[in-house]
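The values are calculated or read from the model by the stated rules, or taken from the named source; none is laboratory data. All values reported here derive from a predicted model rather than from experimental measurement. When we count neighbours, we look across all protein chains shown, and the Cβ atoms used for this are built from the backbone with ideal geometry, even at glycine.
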Amino acid sequence: MKRPSCFVYPFLHGCSTHRTWALYSSKRRYSSQSFSSFPCIVLKKASCHFSSRNKWWNLVMKQSDDSVEKKRLSLFGVCFLVITYWWAVVLFPLFTALFPITWVMDRVRRRLLDKIAFLWMRLTLFCCRVRVVIQGEENLPTVDRPVMYVANHQSFLDIYVLSALKPKFKFVSKIEVFSYPIIGWAMALAGYVGLKRGDSRRQLQTYREIVRKLESGISLVMFPEGTRSVHGKLLPFKIGPFKAAKQAHVPIVPLTIVGTREVMPSFAWLPIAYPRKPIVIHVHPMIQVENYEDKQLADICKSVIEKPLESSSSSSSTTWNWSPL
């Protein structure tokens with residue numbers, strides 16, 4: 001048997017051995033089934049054999065060349081990480097000390113822990129000089145009225161930015177975030193909802209928990225796209241958030257976040273640019289769920305959320321303002 005003219009790397013720069021990379025040769029294509037001893041992920045258009053570091057990183061991160069060339073570690077991102085964990089370490093003892101009190105007096109809502117969590121995120125934004133502007137603040141519900149917030153998701157920074165809203169709420173986040181030191185532990189103590197992807201049984205349990213929290217008077221924030229958008233455009237909406245809101249008989253408040261992608265894109269774990277312009281949250285009018293079906297609610301919210309994104313992209317192309325630090 002003729003030896004294939006391609007290279008197989010069982011271990012590639014920190015990737016685990018079960019994530020093996022197979023490369024295409026310029027003459028013949030080899031599928032992952034050709035290598036029965038271990039699973040392979042076949043990457044196209046790699047005949048250059050990683051001659052450039054940017055091109056290799058592009059293949060690993062599955063991003064466009066333009067995005068990868070802009071990706072770099074900035075001093076602002078490092079400062080953001082240090083500041084957010086410094087405040088987390090400072091506030092976590094208070095958080096844990098107040099947990100028994102909230103467990104006895106406010107076991108379901110845990111509003112006191114929510115206030116500390118929002119204080120941590122707001123202090124991080126304030127110390128990093130990240131400005132947030134809220135448009136349509138009159139559309140926010142009263143403090144005691146539970147609603148389902150649905151927002152576009154372009155960056156990890158979206159969670160910090162949403163803390164600028166006055167009404168308190170809890171996030172529905174992927175379950176892996178709860179394992180993060182200090183920050184994830186605090187989310188678990190505050191009663192945030194963890195979602196495990198790819199597990200239908202756990203997803204059903206999470207759905208029931210979301211409905212229970214809404215019926216208990218707790219407002220929730222969900223990202224119906226299910227993941228962060230790479231290109232900044234809205235991904236197809238999932239029906240789950242709208243079905244839960246309809247079952248719990250709570251209204252929906254659509255939110256549009258503009259400006260976080262330029263500061264911290266979806267592929268970045270830290271901010272890579274200093275926000276020279278304020279990040280804007282558009283609060284849209286409340287939608288009553290009784291008048292629509294689940295799919296109609298998803299379509300209406302998507303069209304409403306998409307309008308500010310289209311106007312911002314048409315007015316100016318995406319610019320990357322690097323931190324002067």
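Need pairs with beta-carbon distance below 6 Å; first residue closer than 15 Å to Ala268 by Cβ and within region 72-87, second assigned to a loop (DSSP other than H, G, I, E, B) and among the hydroxyl-bearing types (Ser, Thr, Tyr); sequence gap 6+ or separate chains. Going by the 6 Å Cβ cut-off, the qualifying pairs are Ser74/Ser323; Phe76/Tyr274; Phe76/Ser323.
Yes/no per residue for (1) within 20 Å of Glu262 (Cα to Cα); (2) at pLDDT 95 or above; (3) hydrophobic (A, V, I, L, M, F, W, C):
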| position | (1), (2), (3) |
| --- | --- |
| Trp57 | yes, no, yes |
| Leu81 | yes, no, yes |
| Leu98 | no, no, yes |
| Arg109 | no, no, no |
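Of all residues in region 289-313, those satisfying the criterion of being small (Gly, Ala, Ser) and modelled with pLDDT under 90 are Ser311, Ser312, Ser313. When residues in region 164-186 are screened for being surrounded by fewer than 20 Cβ atoms within 10 Å (Cβ to Cβ) and farther than 18 Å from Gly217 by Cα, 14 of them pass. Checking each residue in region 123-141 for being touching a Ser or Thr at 6+ places or on another chain (Cβ under 9 Å) and either closer than 17 Å to Ala190 by Cα or part of a loop (DSSP other than H, G, I, E, B) (or both) picks out Cys128, Val130, Pro141.
Can you confirm whether Phe242 is more than 28 Å from Leu125 (Cβ to Cβ) and among the hydrophobic types (A, V, I, L, M, F, W, C)? Criteria met by Phe242. Of the candidates Glu225, Glu209, the single residue that is out of contact with any helix residue (DSSP H, G or I) (no Cβ under 8 Å at 6 or more places or on another chain) and within 19 Å of His284 (Cα to Cα) is Glu225. For Met187, the conditions (1) touching a residue at least 60 places away in the same chain (Cβ under 8 Å); (2) closer than 23 Å to Glu293 by Cα all hold with the exception of (2). Checking each residue in region 126-145 for being over 24 Å from Phe76 (Cα atoms) and not β-branched (Val, Ile, Thr) picks out Gln135, Gly136, Glu137, Glu138, Asn139, Leu140, Pro141, Asp144, Arg145. The condition of being closer than 23 Å to Asp158 by Cβ and aromatic (Phe, Trp, Tyr) holds for only one of Phe99, Phe126, that being Phe126.
Hey, does region 131-141 have a residue that's more than 17 Å from Gly259 (Cβ to Cβ), basic (Lys, Arg) and surrounded by fewer than 18 Cβ atoms within 10 Å (Cβ to Cβ)? No - not one qualifying residue is present in region 131-141. Listed here are the helices (runs of 4 or more DSSP H) enclosed by region 142-231 that have at least 2 residues being farther than 21 Å from Ala244 by Cα and not acidic (Asp, Glu): 157-162, 183-189. Scanning region 249-276 for residues that are in contact (Cβ under 8 Å) with a residue 60 or more places away in the chain, over 18 Å from the mean Cα position of the chain (by Cα) and either surrounded by fewer than 18 Cβ atoms within 10 Å (Cβ to Cβ) or in a helix (DSSP H, G or I) (or both) yields one hit, Pro251.
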